[in-house]
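Here is the structure we will look at, set down as structure tokens.
No lab work stands behind these numbers, since they all come straight from the coordinates. The shown structure was predicted, so the numbers you read here are calculated from the model rather than taken from an experiment. Cβ: placed from backbone, ideal geometry, glycine included. Neighbour counts: every protein chain shown.
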Amino acid sequence: MLKRVARTVVTTAGLLLLWQAVVMLSAAPPFILPPPLTVAVALVDNMALLSRHAVVTVAEILLGFFIGCALGLLSALTMLRFGVARRWLLPLLVVSQALPVFAVAPLLMLWLGYGMTSKVVMAVLIIYFPVTAAAYDGLRRTRAEWLDLAAVMGAGEMAVLRRIRLPAALPSIASGARIAAAVAPIGAVVGEWVGAGAGLGYLMLHAVGRMTADLMFAALAVLAALAVAFYFLVDVLFRRALHWQEDAVNPGKLAEQKPT
Amino acid sequence: MTPSPAPAPSPGIRLRGVGVRYGGDTVLASLNMDLPGGRWTCLLGASGGGKTTLVRRIAGLTHGAALSGGIDADDNAALGGRIAYMAQSHMLLPWLSVEDNVALGSRLRGEAVQRNRVDALLGGVGLAGERNKLPRTLSGGMGQRVALARTLYENRALNLLDEPFSKLDAITRHRIQNLALQLLRGKTVLLVTHDPLEAIRLGHRLYVMAGRPARVRELQLPGLPPRDLGDAGVAKLSQQLLEELAGGRTC
């Protein structure tokens, strides 16, 4: 753990130094590329403004993530249970993915307005496919012998789903949710770029327009920090839930478990 | 104290003209067998000979196969819900602890878990200390013992055991066999094995399976199980069986 922290500190410091070096060597004006220190000052000075917009973006990311994951899981379950849904929904899903979601963004603004709804829908749209695909794949590939065992034991369909299919699919669902956690911020910010009155994406565009690059970088830094924190939170939660799984990359790392 | 009602006697199972065909591959054809009620029937045969297919047929797990013949209980009641099945692989759920795996049947049926039954069974198979462990931390033999405990926990009239002792070392095997004999007393048991000694030691009745499509032949066993493996007759029978299995001359 300590080593991991140390590695992160070293990497961050290295990148900041590189940034500073580029600023000094290229002699770029501060409205094009502000040095790290200026950005840090802007970050502190605009804390209230940044946090006000960050709250909006975070809300969009979280809502998009949860609605997208819930819809994806629901669709996967529906496809698992009903052959009709499988035959009709699967092609639709593939088409929805072939369509560049960003191209739909202006339409969403048009239909849903400049408020939060259009951004949440944007995030949901890009999350929906990977979550559905991953969850469906996991649910479909329950080991036949476990299902046989449950059948002989006289388990009902719901019990099989809850006690066997869902836990067995959890590793796949986790992969889908990790991807969702990584792309949800993209959806929210793209939505804000197309048209919004609040949010970090809006603030960035606004700052660029007013040539205040230091504020733009500060907003970017906040967004990056939030996105990374969110991804790691989701990752840690699923790792906890999947403690029973063999970790092929780090064998033995998560081996000993507290009694449940 | 009200006396608990005497458990219903375990039914005998009749197999008449049983056949299983996967596509063009006939695994079993017109097989006749009788599993006497409350007794151990051993099914002996070389690996890949159709023993598991037969067990799965009785358990109702032959998905996608063409079936023929009939399997019924001699009390004329349906078999569904009266079978416990232990497959060759232990099939433990990796996200459940050892004790939760043992009580899986209760959980799947939405019944209350019988804690003291779990305790007794885990103690019996010598895994009381591993109750909170996850399956992946167990050895193959330990996993098999958990699977046996899970099967015994079901407390069913008909028990289908597909090579339940194959991964145990000789000493543990002897002990676990005795435990199974004791806990499955009065139950109808079909034990599948490729070990002649095990079949002779444990079976009231012995069928030998061979050929493709597989045929079975009943072999008379002297006395009652558990038989003493030091007995000269037993040793001779086992030798004879081994040679038969090796030569494939059973019919």
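Please work out the FRET efficiency for the pair A:LEU15 and A:ALA241, using the Cβ-Cβ distance as r and a Förster radius of 35 Å; give the result to the nearest 0.05. Mind dumping the intermediate values first?
On the way: r = 32 Å, r/R0 = 0.93.
Efficiency, rounded to the nearest 0.05: 0.60.
Angle, helix A:144-153 long axis vs. longest principal axis of chain A, Cα atoms, 0 to 90°, nearest 10?
Roughly 50 degrees, rounded to the nearest 10.
Across peptide B:92-98, what mean number of C-beta atoms from other chains lies inside 10 Å of a residue's C-beta?
5
Okay, which of the stretch B:100-114 sit inside 19 Å, backbone N to the point 7 Å along the Cα-Cβ direction of A:ARG143?
From the stretch B:100-114, the list is B:100-108.
Quick check on chain B: helices-only [θ] at 222 nm, where DSSP H runs of length 4 and up contribute -39,500 (n - 2.57) each and the sum goes over total residues. Nearest 500, please. Intermediate results must be reported in sequence, preceding the final value.
Numbers: 8 runs with 82 residues, N = 251.
The helix contribution divided over chain B gives -9500 deg cm²/dmol.
Using only Cα atoms, locate the centre of the stretch A:97-168 and the centre of the stretch A:9-47, then give the distance between them in Å, rounded to an integer.
41
Sorted by mean Cβ packing within 10 Å, highest first, what order do the peptides A:100-106, B:201-207 take?
B:201-207, A:100-106
Per Stokes-Einstein, at 10 °C and 1.306 mPa s, what whole-number D in µm² s⁻¹ belongs to chain A, with the Kirkwood radius over Cα pairs as the hydrodynamic radius?
Roughly 75 µm²/s, to the nearest whole number.
Ranking request for peptides A:28-35, A:187-194: highest mean number of other beta-carbon atoms within 10 Å first, then the rest in descending order.
Peptide ranking by packing, descending: A:187-194, A:28-35.
Evaluate the charge dipole of the stretch A:34-241 about its Cα centre and quote only its size in Debye, nearest 20, assuming +1 on the Cβ of each Lys and Arg and -1 on the Cβ of each Asp and Glu.
Roughly 640 debye for the stretch A:34-241.
For the modelled label position 7 Å from the Cα of A:ALA48 along Cα-to-Cβ, which residues of the stretch A:195-239 have backbone nitrogen atoms closer than 20 Å?
Counting backbone N atoms under 20 Å from the label point, the list is A:198-200, A:203-204, A:207, A:215-216, A:218-219, A:222.
Over the residues of the stretch B:67-160, compute the C-alpha Rg and express it relative to 2.2 N^0.38 Å.
Working it through for the stretch B:67-160, the quotient is 1.18.
Return the FRET efficiency for the residue pair A:ALA28, A:LEU92: r is the Cβ-Cβ distance, R0 is 56 Å, and the value is rounded to the nearest 0.05.
It comes out at approximately 0.70.
Full-extension gain between A:LYS3 and A:ALA59, please, as 0.36 nm times their residue separation minus the C-alpha to C-alpha distance.
16.9 nm
Figure the gain on full extension for B:GLU218 and B:ASP231 (residue separation times 0.36 nm, minus the Cα-Cα span) and round it to one decimal in nm.
Here the answer is 2.6 nm.
Quick one, what does Rg over Rh come out to for the protein assembly as shown if you take C-alpha atoms and the Kirkwood Rh? All intermediate terms of the calculation are to be shown ahead of the outcome.
On the way: Rg = 32.0 Å, Rh = 27.7 Å.
We get a ratio of 1.15 for the protein assembly as shown.
Treat each spin label as a single point 7 Å out from the Cα along the C-beta direction, and report the B:SER30 to A:VAL41 distance in nm.
9.9
How much length, in nm to one decimal, is gained on full extension between B:GLN182 and B:ALA46, taken as 0.36 nm per residue of separation minus their Cα-Cα distance?
Answer, rounded to one decimal: 46.2 nm.
Over what distance in Å are the Cα centres of the stretch B:76-92 and the stretch B:173-251 separated?
If we compute the Cα centre of each part, the gap is 21 Å.
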